[in-house]
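Enquirer: Submitted below is the structure of interest, expressed as structure tokens.
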Amino acid sequence: MAVRARRAAPGSPSPACSRWNRTTSPPLDHWADALHEHRDRAIELTGPDTYNAYLWYLTGCADHARCGRIDVVQFTCTKPGTPQ
């Protein structure tokens, strides 16, 4: 399965909040870049089909967020009593 990455230009500015839409999708681009950087290890652990599926999913979601078809919201969960 061949995957063509669809990403915004590197270095796009990050918004102050944890919601991304038409202009940027920092977490998705960051996660796709990190996966791509560790391609060999990811394929070793999961196989090429799983690696390609996740790369396709992350880059596709980032593309849809930039085009305004979806919004991306990131939640950070902590245990009670954990310093923030």
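The values are calculated or read from the model by the stated rules, or taken from the named source; none is laboratory data. No experiment lies behind these values; they were computed from the predicted model shown. Every residue, glycine among them, receives a Cβ derived from its backbone with ideal geometry; neighbour counts consider all protein chains shown.
Enquirer: I'd like to verify a number: residues in the range 14-52 that are at pLDDT below 85 and more than 16 Å from residue 74 (Cβ to Cβ), how many?
Expert: Selection size over the range 14-52: 1.
Enquirer: Pairs, please: C-beta under 6 Å, at least 6 apart or cross-chain, first residue in a helix (DSSP H, G or I) and in the range 46-65, second among the hydroxyl-bearing types (Ser, Thr, Tyr)?
Expert: 62/25; 65/25
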